[in-house]
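**Student:** So that we are looking at the same thing, I have put the structure below in structure tokens.
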Amino acid sequence: MATRKNDSILFRWIKGIIHNKKALSGSLLVLSFILIAAIGPYITVDPNAFLDTPLSPPSFSHWFGTTGQGQDVLAQTISGARQTLIVGFATGFFVVLIGALIGGISGFYGGKVDDVLSMIINIFLVMPGLPLMVILASWLPPGPLTLTGVLVITGWAWNARVIRSQMMALRDRDFVSAAIVSGERNIRIILIEIMPRMLSLLASSFIGASIYAIGAQVGLEFLGLGDVSTITWGTNLYWASNDLALLTGSWWTFVPTGICIAFVSFGLTLINFGIDEVTNPRLISERNWRKYLPKGKGNDGITPVIKTHA
Amino acid sequence: MSTSIQYLLRRLGFYAIAAWAALTLNFFIPRMMPGDPASIIFARFRGKLNPEAMVALRETFGLTDEPLLGQYFTYLKNLLSGDLGISIAYFPQPVTEIISTALLWTIFLAGTSLIISFSLGTLLGTLAAWKRGGRLDSFLPPALAFFGAFPYFWLAMVALFTFGFGLGWFPLRHAYGDAVTPGFNLPFMIDAIYHAFLPALTMVMVSLGGWMLSMRNTMITTLGADYITFARAKGLPSKMVMLKYAARNAILPNFTGFGMALGFVLSGALLTEIIFSYPGQGYLLLEAVRAQDFPLMQGLFMTITLAVLGANWLVDIAILFLDPRTRR
């Protein structure tokens, strides 16, 4: 029974995403990049090999030109997707996990527990991320694990705060009181009763955290705090700037990578807009009503009493 | 009035705890890392530094034979007396000296662009919500969301490449030209603004969308309130309803977000500075990373954290003036 219910939730979600224009285009965008990350390295030339004159502009043999080390930029852009996306999504997952854990506990128990945990959350919120990341990353051995760890440490607080307030709102509902009275254990109430009702929030938190992780990761690697011998979108930009791409006028070494990053982030943002519309009944009803209303009127929820703007 | 002072003191207490947490983190991170921090540092710099620099480095980190708690108190004492140690990259200049000049440039650049993007974004959000579904509302948010998807520093690279390198409209590096002398004179100030224009523009472009969207969303909720309907029914001029009734209230969450976003925007600003070789904190951060200058890195972390906490407190004061409810 429980599985069938879950199936139908999943089914409804997929249906919602397909019917929502923003979510659909965002998902397609992101999925195509995941596909590139998965199969890309098998269909391109060796991204590490010295192939042609360094910094040669785009041509038929090298569509995106070559880097300062004579490597193919197209191959580097494609193979860079893999680690960048893995670190991005892994960070998103752990950020939501820790956020749900700390925010959930804080919101559910309240009182002293909440006081202490909120204080910790707020402290991490006001601490500026980049300098802290730099300090952490500079002490640890460079690599994807360090990046993920550093990004999770500096990024969990925002999600914890959002999940905490949602938990506080849900905790006062009747179904939670009923579960408490019927003697269910707190862990079970949090995991089985409350968390499923937060699925859309958790999903959009995951996407938001992944967007943050991709941007911050690229920034850290650009500073040279990643493993510069691996190929990722961040190290591509690091090498572009190291090889004086700007001063030699070789725009092709940094433009493709940046556009890929922007497309992935924008696709994820579109999915988040879509989730918001699918799960927020107010936005849906407004959309459904709009076609019955005269154009440009009645969609601000206010009864026009006087003509306010011509 | 006494309650508002109490409120400000409570916030100050929180920031003091946050600052203490940052300091403590700063102390324990090197010591929590795998291996002994002293040997990591000394292994990295063996042969590269002269003995005096090694002694200075050891003292900066309090890596003496003292017990951990003793080291911690020495560290706190040094910090409170303004001693952040001696830089490795700029040996033997003290870290405080290097940071203080760079701090002014960062405050100038990041501060100006933050204020411009906040005010412009809030204004655009107000207008978009007021004419909901209008041209501004349907065109600008997706366009700005797309710009916001680019990394700050990448957009800076493109801007520098196009307008600085390609078209030659703007200088390629630094905060002022060789021809002017720094000080309170007009040519210098004009030159500084000219150098800051492009970096500031890219920062405004990336961060504008966030302010606009959050203002638009709160403004829409506010516009649904009864007192707005009443103000309209009274026949008040629509500009007055928009600015004095709706926007005045809708701006409060945006203001709270201002303090929150400060750290994030500053991180973007630091990376932008690097692209433009702007002599601020970000540029120092890059130097520190390249040279593995740990005292400088820690000093930067500390100053930036303290600056963000201080700015947050100023935002608290501003909210106190804007929102009468907190004054009660």
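Since every read-out is calculated from the coordinates, none of them should be taken as a lab result. Being a predicted model, the structure only gives us computed values, none of them experimental. Every residue, glycine as well, gets a Cβ built from its backbone with ideal geometry; the counts of neighbours run over all protein chains shown.
**Student:** Give me the mean projected area, in nm² to one decimal, of the convex hull enclosing the Cα positions of the protein assembly as shown.
**Tutor:** Projected over every direction and averaged, the Cα hull of the protein assembly as shown covers 35.5 nm².
**Student:** I've got another one for you. Sorted from largest to smallest, which semi-axis lengths in Å does the alpha carbon gyration tensor of segment A:174-276 give for its equivalent ellipsoid, taking the root of 5 times each eigenvalue?
**Tutor:** 45, 15, 7
**Student:** Across every pair of different alpha-carbon atoms, what Kirkwood hydrodynamic radius in Å does segment B:131-206 reach?
**Tutor:** Every distinct Cα pair counted, the radius reaches 14.4 Å.
**Student:** Can you give the angle from 0 to 90° between the axis of helix A:281-290 and the longest principal axis of chain A, with both taken from C-alpha atoms, to the nearest 10?
**Tutor:** In chain A, helix A:281-290 runs at an angle near 90 degrees to the longest axis.
**Student:** For segment B:170-314, I need the span (max minus min coordinate) of the C-alpha atoms along each principal axis, in Å, sorted largest to smallest.
**Tutor:** Principal axes ranked by extent give 64, 36, 24 Å for the Cα atoms.
**Student:** Which Rg and Dmax, in Å, describe the Cα atoms of chain A?
**Tutor:** Expressed in Å, the Cα Rg and Dmax of chain A come to 23.6, 75.
**Student:** Now, a different point. Treating only the Cβ atoms of Lys and Arg (+1) and Asp and Glu (-1) as charged, compute the dipole magnitude of chain B about its Cα centre; round to the nearest 20 debye.
**Tutor:** 1560 debye
**Student:** If neighbour count is taken as other Cβ atoms inside 10 Å, put A:Arg82, B:Arg290 in order from fewest to most.
**Tutor:** B:Arg290, A:Arg82
**Student:** Label points 7 Å out from Cα along the Cβ direction at A:Leu247 and A:Met168: separation in nm?
**Tutor:** Result for the modelled spin labels: 5.3 nm.
**Student:** Further, regarding this structure: What is the Rg over Rh value, at two decimals, for segment B:201-273, using alpha-carbon atoms and the Kirkwood definition of Rh?
**Tutor:** My calculation of the ratio gives 1.14.
**Student:** Using only the alpha-carbon atoms of segment A:121-236, report the extent along each of the three principal axes, biggest first, to the nearest angstrom.
**Tutor:** Its Cα atoms span 58, 27, 20 Å along the three principal axes.
**Student:** Mind checking the log10 I(q)/I(0) for chain B at q = 0.09 Å⁻¹? Debye, one equal scatterer per Cα, no solvent, two decimals.
**Tutor:** Taking Cα atoms of chain B as identical point scatterers yields -0.62.
**Student:** Rounded to the nearest 500, what is the 222 nm mean residue ellipticity of the protein assembly as shown from helices alone, with -39500 (n - 2.57) per DSSP H run of 4+ residues and division by all residues?
**Tutor:** Helix contribution divided over all residues of the protein assembly as shown: -24000 deg cm²/dmol.
**Student:** Put +1 on the Cβ of every Lys and Arg and -1 on every Asp and Glu Cβ in chain A; which of A:Leu246, A:Ala137, A:Leu24 then has its Cα farthest towards the positive end of the dipole?
**Tutor:** Going by the Cα projections, it comes out as A:Leu24.
**Student:** If you don't mind, another one. How large is ³J(HN,Hα) for each residue in segment B:141-153, as worked out from phi by the Karplus curve 6.51 cos²θ - 1.76 cosθ + 1.60 (θ = phi - 60°), to whole Hz, x for Gly and Pro?
**Tutor:** With coefficients 6.51, -1.76 and 1.60, one gets x, x, 5, 5, 4, 5, 4, x, 6, 6, x, 3, 6 Hz.
**Student:** For the pair A:Phe175 and B:Ile17, how long in nm is the line joining their label points, each one 7 Å along Cα→Cβ?
**Tutor:** Each label point is offset 7 Å from its Cα along the Cβ direction, giving 3.4 nm.
**Student:** Then there's this: With +1 on the Cβ of every Lys and Arg and -1 on the Cβ of every Asp and Glu, and nothing else charged, how large is the dipole of chain A about its Cα centre, in debye rounded to the nearest 20?
**Tutor:** Computed about the Cα centre, the dipole is about 1580 debye.
**Student:** Dimensions of segment A:40-148 along principal axes (Cα, Å, largest first)?
**Tutor:** 66, 27, 22
**Student:** Net charge near A:Val134: determine it from the other residues with C-beta under 13 Å of the C-beta of A:Val134, scoring Lys and Arg +1 and Asp and Glu -1.
**Tutor:** Value of the local net charge: -2.
**Student:** Could you work out the pair-distance distribution P(r) of segment A:3-96 from its alpha-carbon pairs, with 10 angstrom bin width and percents rounded to whole numbers?
**Tutor:** Once binned at 10 Å, the Cα pair distances of segment A:3-96 give 15, 28, 29, 16, 9, 3.
**Student:** Where a ≥ b ≥ c are the square roots of the eigenvalues of the C-alpha gyration tensor, would you call segment B:69-147 rounded, which needs a/c under 1.5, or, failing that, prolate if a/b is larger than b/c, or oblate?
**Tutor:** Here segment B:69-147 falls in the prolate category.
**Student:** What is the ratio of the Cα radius of gyration of segment B:72-115 to 2.2 N^0.38 Å, where N is its residue count, to two decimals?
**Tutor:** So segment B:72-115 has a normalised radius of gyration of 1.48.
**Student:** Which residue, chosen from B:Ile190, B:Ile115, B:Gly134, occupies the Cα position most advanced towards the positive end of the dipole of chain B, where the dipole is computed from +1 (Lys, Arg) and -1 (Asp, Glu) charges on Cβ about the Cα centre?
**Tutor:** About the Cα centre, the residue reaching furthest to the positive side is B:Gly134.
**Student:** So what is the orientation-averaged projected area of segment B:246-327, using the convex hull of its C-alpha atoms, in nm²?
**Tutor:** Projected over every direction and averaged, the Cα hull of segment B:246-327 covers 6.4 nm².
**Student:** Oh, and also: Do any chymotrypsin sites (Phe, Trp or Tyr not before Pro) in segment A:13-100 lie in a DSSP loop with no more than 14 other beta carbon atoms within 10 Å, and if so, which?
**Tutor:** Those that pass, being in a loop and sparsely packed, are A:Phe50, A:Phe60, A:Trp63.
**Student:** Given the convex hull of the Cα atoms of segment A:125-167, what is a quarter of its surface area in nm²?
**Tutor:** If you wrap the Cα atoms of segment A:125-167 in a convex hull and average its projections, you get 3.3 nm².
**Student:** At 7 Å along the Cα-to-beta-carbon direction for both B:Met32 and B:Tyr7, put a label point, then send me their distance in nm to one decimal.
**Tutor:** Spacing of the two 7 Å Cα→Cβ label points: 3.5 nm.
**Student:** Calculate the mean, over all residues of peptide A:210-223, of how many other protein chain Cβ atoms lie within 10 angstrom of the residue's Cβ.
**Tutor:** 4
**Student:** To continue, here is another question. What is the helix-to-structure angle for B:294-322, meaning the angle in degrees between its Cα long axis and the longest Cα principal axis of chain B, kept from 0 to 90 and rounded to the nearest 10?
**Tutor:** Tilt of helix B:294-322: around 30 degrees.
**Student:** Please compute the average number of Cβ atoms from other chains found within 10 Å of each residue's Cβ in peptide B:265-275.
**Tutor:** Taking the mean over all residues of the peptide, I get 4.
**Student:** Just order A:68-79, B:165-176 by mean Cβ neighbour count inside 10 Å, highest at the front, would you?
**Tutor:** Result, highest mean first: A:68-79, B:165-176.
**Student:** Convert each backbone phi in segment A:246-256 into a coupling constant with the Karplus relation 6.51 cos²θ - 1.76 cosθ + 1.60 (shift: θ = phi - 60°), then list the ³J(HN,Hα) values in order as whole Hz, x for Gly and Pro.
**Tutor:** So the J values, rounded to whole Hz, are 5, 6, 9, x, 8, 5, 5, 7, 10, 5, x.
**Student:** Would you mind getting me the FRET efficiency between A:Phe60 and B:Thr221? Use the beta-carbon distance for r and R0 = 45 Å, nearest 0.05.
**Tutor:** With a Förster radius of 45 Å, E is 0.20.
**Student:** Rounded to the nearest 10 degrees, what's the angle between the helix B:95-130 long axis and the longest principal axis of chain B, both from Cα atoms, 0 to 90?
**Tutor:** Taking the Cα atoms of chain B, the angle to B:95-130 is about 20 degrees.
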